[in-house]
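Read the figures in this text as sums done on the coordinates, not as results from a lab. Keep in mind the model is a prediction, meaning the values are calculated, not measured. Cβ coordinates were reconstructed from backbone atoms using ideal geometry, including for glycine residues, and neighbour counts include every protein chain displayed.
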Amino acid sequence: MRSVDRLNALLKQVPAVAVYVAGVLPAIWLFWQAITGTLSIEPIKSLEHETGELGLQLLIATLLVTPLRRFTGINLLRLRRALGLLAFFYIALHLLIWLLLDVQDPAMIWADVVKRPYITVGMLGFVLLVPLAITSNNRSIRVLGRRWHALHRLAYVAIPLGGLHFVMQAKGLQIEPLVYLGVIFGLLFVRLSALKRRRLA
Amino acid sequence: AGVGFAGGAAAASEMEPNSWEEITGYNNFYEFGTGKEDPARHAADMTVSPWSVRIDGLVDRPADYAFEDILSKMVVEERIYRLRCVEAWSMVVPWMGSELADLLELAGVQSNARFVAFETLLRPAEMRGVSSPVLEWPYVEGLRLDEAMHPLTIMATGIYGRDIPNQNGAPLRLVVPWKYGFKSIKSIVRITLSESEPPTSWNKANPREYGFYSNVNPEVDHPRWSQAQERRIGGGLFSPKIPTEMFNGYGAEVAGLYEGMDLRRNF
């Protein structure tokens, strides 16, 4: 048996629920540290940043699943839904922390959403993820049929919006957010060129 | 020195200084990285002794002034000031320092000088952050001469009666309490008196977001966030927002400097 096949056989043993449990642990750990005062000097900003970055990393992970299989044979397809839903979980947390702990004032929240482009962009990305999270179940796939695939291409819009949101909030020219955005565009390019090839074939 | 430096009508609790850990553990000093904990982690790499400050331009006695000589000629006293960062957080810091005016008098300001330019140390071997182009190095800042000579404007050399830690701008830094924190330039190696307005780092990086004056002003938003409120560091997970005061609460002392100026245009 090839090592890739052996790895895939091993991955098959991993129940999706294990991914969910492992994926939620960082959130519990972050909040535990924030409540006990050991996270950082400014726990609100730290929670906001950590949950946003984890959400973006998980979104990137969902984009990696197909190219990973194509180029290495490693098959994570079965776990992609868990990665996507965990990404949504962290981004929803990120949004809630911003709303409830950071801005606090409802009037200011709306002003920020309409007046601050980086927040508009981030919010738009989140809104696009909502239908994807709602339809990430077997029943929706059955009911929606071909339209399910079309709907889930919204990820190709929502994820770069998330990357852009990260770049736009940075003060000065910072490398890290640009690396994220670059990786996202790279993966999108790989995905979209594969889709185009399939359509031509 | 005089009265009212603690900030006029501010409630006593509002002037309760932040802890040493907060003041020295949560910093913006991009020469050591853009994270708030980076300066505390990496600023120890900076050699601060020996240190000298070149004072030049429109002064009678341009020279390199050794830090010890400067310190021996200054009257150091405690000044408890609010610090309002442009990022909408704030602290209260018990600085030790002396008035900038005294230091400038040491060099003898000439009558045609109108502005003061400041420069931070640039030593790439000891500053891991400067390999990144996040700003143009060295960090530079500036004040109008009347702002620089104002008795509230100090050169800080200590915090809580101890030497100022490297991450807070050792061995000497500017503190201008009515302006956003980034105006209060750290680890100064050069002060130049000039006739024209000097360039400033954040203004060069993004002129739309950061003006030359950068007075704390709750009515003029940063393009990416409101400046109407701030969060006092140290309040934990459920820390409330508090209203930001015009000139950071030092309006009684400094508003006169800007009489007749449109502070929306000169932000």
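Explain nothing, just the number: dipole magnitude of the range A:112-174 about its Cα centre with +1 on each Lys and Arg Cβ and -1 on each Asp and Glu Cβ, in debye rounded to the nearest 20.
With Lys and Arg at +1 and Asp and Glu at -1, about 240 debye.
Of all lysines in the structure, the ones whose alpha carbon falls short of 27 Å from that of B:Lys186, not counting any fewer than 8 places away in one chain, are A:Lys45, A:Lys171, B:Lys36, B:Lys73, B:Lys204. Scalar couplings 3J(HN,Hα) for the range A:50-60, obtained by applying the Karplus form with A = 6.51, B = -1.76, C = 1.60 to θ = phi - 60°, are 5, 5, x, 5, 4, x, 5, 4, 5, 4, 4 Hz; x denotes Gly and Pro. Set the Förster distance to 22 Å, then compute FRET efficiency between A:Leu11 and A:Val190 from the Cβ-Cβ distance, nearest 0.05. Calculated value: 0.55. Projecting label points 7 angstrom from Cα along Cα→Cβ for B:Met15 and B:Ala44 puts them 3.5 nm apart. Can you compute the label reach from A:Arg199? Point 7 Å from Cα along the Cβ direction, backbone N cut-off under 19 Å, restricted to the range A:142-175. Zone members listed by number: A:146-160. Computed over neighbours whose Cβ is under 13 Å from that of B:Leu145, the net charge equals -3, Lys and Arg +1, Asp and Glu -1.
Between the helical axis of A:155-169 and the longest alpha-carbon principal axis of chain A there is an angle of about 30 degrees. Couplings for the range B:14-19, taken from phi via the Karplus curve 6.51 cos²θ - 1.76 cosθ + 1.60 with θ = phi - 60°, read 5, 9, 5, x, 5, 6 Hz in order; Gly and Pro are left as x.
Neighbours of A:Tyr118 by Cβ distance under 10 Å: Lys/Arg scored +1, Asp/Glu scored -1, total +1. Applied to the range B:84-90, the Karplus parametrisation 6.51 cos²θ - 1.76 cosθ + 1.60 on θ = phi - 60° returns per-residue 3J(HN,Hα) values of 10, 7, 5, 7, 6, 10, 8 Hz, with x for Gly and Pro. Other protein chain C-beta atoms within 10 Å of residue C-beta, averaged over B:231-242: 5. Around the amide H of A:Leu39, modelled in the peptide plane, lie the amide H atoms of A:Ala34, all under 5 Å away and 5 or more residues distant in sequence or on another chain. Each peptide in B:92-99, A:149-156 was scored by the mean count of other Cβ atoms within 10 Å over its residues; highest first, the order is B:92-99, A:149-156. All other residues with a Cβ under 9 Å from the Cβ of A:Gly73 taken together, and with Lys, Arg as +1 and Asp, Glu as -1, what is their net charge? Counting the neighbours of A:Gly73, the net charge comes to +2.
Using a 10 Å cut-off on Cβ to Cβ distances, tally the other chain neighbours for every residue of A:101-114 and report the average as a whole number.
Taking all residues of A:101-114 together, the mean is 2.
Around the amide H of B:Lys179, modelled in the peptide plane, lie the amide H atoms of B:Val216, all under 5 Å away and 5 or more residues distant in sequence or on another chain. Assign one of three labels to chain A, namely rounded, prolate or oblate, based on the Cα gyration tensor with a ≥ b ≥ c the square roots of its eigenvalues; rounded applies when a/c is under 1.5, prolate when it is not and a/b is larger than b/c, and oblate otherwise. In terms of gyration-tensor shape, prolate.
At a threshold of 8 angstrom on Cα-Cα distance, excluding pairs fewer than six apart, so keeping six or more, what relative contact order does the range A:3-200 reach in percent?
20 percent
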